[in-house]
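The values are calculated or read from the model by the stated rules, or taken from the named source; none is laboratory data. A quick note: this is a predicted structure, and the numbers were derived from the prediction, not measured. Positions of Cβ are generated from backbone atoms using ideal geometry, with glycine treated the same way; all protein chains shown enter the neighbour counts.
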Amino acid sequence: MSARPQSSTRKIAIIGGGVIGLSIGWRLAASGLSVALFERGKAGHGASWAAAGMLAAGSEVEPGESELFGLLKQSQANWPAFAAELAQASGLDVSLRTEGTITIALSQDEVGRLRQTYALQQQLGVNSQWLTRTEALEREPYLNPRLAGAILVPGDHQVENRILVQALKLAFTRAGGSLFEGIGNAGIKTASGRAVGVSAGGIDYPADTIVVAAGPWSPEIEGLPAIASPPVRPVKGQMTALAMDPTSPILTHVLWTQKAYLVPRRDGRLLIGATTEERGFDTAITAGGMLSLLESAWRALPGIEEMPIIESWVGFRPGSRDDAPILGETSIEGLILATGHHRNGILLTPITARTIARLVLTGETDPAIAPFGLSRFEDQDSKGTKSWKSA
Ligand SMILES: Cc1cc2nc3c(=O)[nH]c(=O)nc-3n(C[C@H](O)[C@H](O)[C@H](O)COP(=O)(O)OP(=O)(O)OC[C@H]3O[C@@H](n4cnc5c(N)ncnc54)[C@H](O)[C@@H]3O)c2cc1C
């Protein structure tokens, strides 16, 4: 970026009020910039509301994603300080729980797959422990006693993402940010190859820099030039929540099985997620989706059988072609992307906020996000690797 005006006179516009837009907005407003955030509906009610809040860099390792793992690990390390700073700025505790995450295998087949995950974790330097059946049951006595093996990742924590969005909203506005909610779709204005402003709900807002943080809707923003459009699509996830007795919860760690995960909250909710479906923005909660989640959860934790279902919902992960986020400048001067966080947007919030704020403030691309720019897809396309990886 070239010739940016003095901090006090620079105007920044952010499109999208999920964890990504709000956290970047908070960092920038706290640095003294004039920041306006445009959210078409209610801030924090997109993917950021639907999420399970797991900070699971180690448990979710996948072969071929070691570069992404490096980014996830850095952000995970930032979480305790980020949560403390946010609590101070907002007065809200985001309920960072540190019991860790257990992944279990319920058959010999599943043990084979779990051993591969364990080997990959060891190779990548994840602090994980193989647990025998007895060791797993000592930690979680209500697990299916026929389990055949387990892995504990003590550093994979969780936060209450619905409090997180409220906290970010408060921190952003308290730092002086202007939040425009319920204004319908915001659009981008460009002139002579640079971003010049945002239009939304009858407001025309001139801006020196625009940050696109509209999650899975990012490519649909009106006025976004094709050359800067991120290859992001919605990856549907259905979830459901049961009510445990908060005074004697039947689970304390986050629990992964081969087909579902269970996340116990302090208020007694037990979240069960999530399906992974390529169905565009289909909002249906389906019998098949619920059956698969509940069956997998029941196999792992039979005690859920009598628990009331208190809520079921659908959310859309912003999935990129390679499942990694798209962070950084575009070839349109003043237009920055912060999207495509897929299944890790809550985990990646601290590092995204820090590095995108740095880019806006100084024009410098932090080395942590250098591999995650939009240009990597141009490179892939020129090599003829255009296929979309399924999430
Ligand atoms: C079922 C499910 C479970 C998940 N679990 C986890 C998890 O455990 N851990 C984890 O780290 N991540 C998880 N994720 C992923 C995480 O939720 C997302 O990566 C993250 O919330 C993305 O944040 P965002 O701010 O980019 O998007 P969003 O939260 O979707 O926010 C985008 C916002 O942009 C607004 N918007 C769109 N278009 C416009 C426009 N034109 N003008 C104005 N506003 C606009 C939308 O209304 C929306 O509020 C999960 C996601 C799902 C769906």
| Where in segment 171-247 are the strands (runs of 3 or more DSSP E), entirely inside, with at least 2 residues that are touching a helix residue (DSSP H, G or I) at 6+ places or on another chain (Cβ under 6 Å) and either within 10 Å of the ligand (Cβ to nearest atom) or in the same structural domain as Gly288 (by TED's automatic domain parsing) (or both)? | 232-243
| said: Can you list the strands (runs of 3 or more DSSP E) lying wholly within segment 1-116 that have 2 or more residues being modelled with pLDDT of 95 or more, within 16 Å of the ligand (Cβ to nearest atom) and in contact with an Asp or Glu (Cβ under 8 Å, 6 or more places away or on another chain)? | reply: 101-105
| query | Does Ala136 satisfy being touching a Ser or Thr at 6+ places or on another chain (Cβ under 7 Å), farther than 19 Å from Gly44 by Cα, surrounded by 23 or more Cβ atoms within 10 Å (Cβ to Cβ) and of a type in the set (Gly, Ala, Ser)? | reply | no
| request: Answer yes or no: is there a residue in segment 142-160 that is small (Gly, Ala, Ser), within 15 Å of the ligand (Cβ to nearest atom) and under 20 Å from the mean Cα position of the chain (by Cα). | output: yes
| note | Ala87 vs (1) under 30 Å from Gln129 (Cα atoms); (2) touching a helix residue (DSSP H, G or I) at 6+ places or on another chain (Cβ under 8 Å); (3) surrounded by fewer than 22 Cβ atoms within 10 Å (Cβ to Cβ): all pass except (1)
| request: Under 6 Å between Cβ atoms, at least 6 apart or on separate chains: pull out the pairs that start in segment 184-202 with a residue that is touching a residue at least 12 places away in the same chain (Cβ under 8 Å) and end on any residue that is among the aromatic types (Phe, Trp, Tyr). | output: Ala186/Phe38; Gly197/Tyr205; Val198/Phe38; Val198/Tyr205; Ala200/Phe38
